[in-house]
Structure formats: structure tokens, C-alpha cells
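Read the structure below first, then the notes.
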Amino acid sequence: MTDGRKPFDIESSDKHIAEMNERIARLEARISRDRADGHCTTQGEELLRTFKDSFQQGERHRELQENALDRGWVPPDARSRR
């Protein structure tokens, strides 16, 4: 990598996971309010499922990054600079 970042930007992954968690919480609250007000929440619930799926994928991606770093893995484009 030529931009000075680590092979994996763990801090960025953590930030994205935290942001998605906040989005999920806000959407859950909105769905609850809408349901309490008698509004249809079908589309909101579908979006929430999509958000949760993305969140789980982000967590898994972060876990894989951490495991690779723990094993000492270096991406091919960074190996020549070691």
C-alpha cells in the first residue's frame, strides 16, 4: 500500500461497525414509533433486516482482519516494503 495505511485499517472497520450499530438503533426506534402510531412498518422492517445483515458481515470482516494480523499476514503489495 502506498498511502501509508496499515494492511488492514482496523480503526476504520471499528468506526464503520459503530456507525452501523447506531443506524440500527435509530431505525429500530423509528419502527417502534411508527408501529405505535399505527403506521405500516413493512419497508422499515425490511431495511432493518438489511442493516443487520450488513452489520453482521462487517463484524465478520473485522474479525477476519484481526485474525489475519494476529497470524502475521501481509498483503502481497506490502511485502516488498518489509
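Quick note: the coordinates plus some simple rules give every number you see, no bench work behind them. The shown structure was predicted, so the numbers you read here are calculated from the model rather than taken from an experiment. A quick note on method: Cβ atoms are made from the backbone with ideal geometry, for glycine too, and the neighbour counts reach across all protein chains shown.
Along the positive direction of the dipole of segment 10-71 (beta-carbon charges: Lys, Arg +1; Asp, Glu -1; about the Cα centre), which of ASN67, ALA29, GLN56 reaches farthest?
Working it through, the farthest residue towards the positive pole turns out to be ALA29.
Once label points are set 7 Å from the Cα along Cα→Cβ at both THR50 and ALA25, what is their separation, rounded to one decimal in nm?
Each label point is offset 7 Å from its Cα along the Cβ direction, giving 2.3 nm.
Taking the Cα atoms of segment 10-71, what is the range of coordinates along each of the three principal axes, in descending order and whole Å?
Between the extreme Cα coordinates on each principal axis of segment 10-71 lie 52, 16, 11 Å.
For GLN43, what is the net charge nearby, where nearby means another residue's Cβ is under 13 Å from its Cβ and Lys, Arg count +1, Asp, Glu -1?
Result for the local shell: 0.
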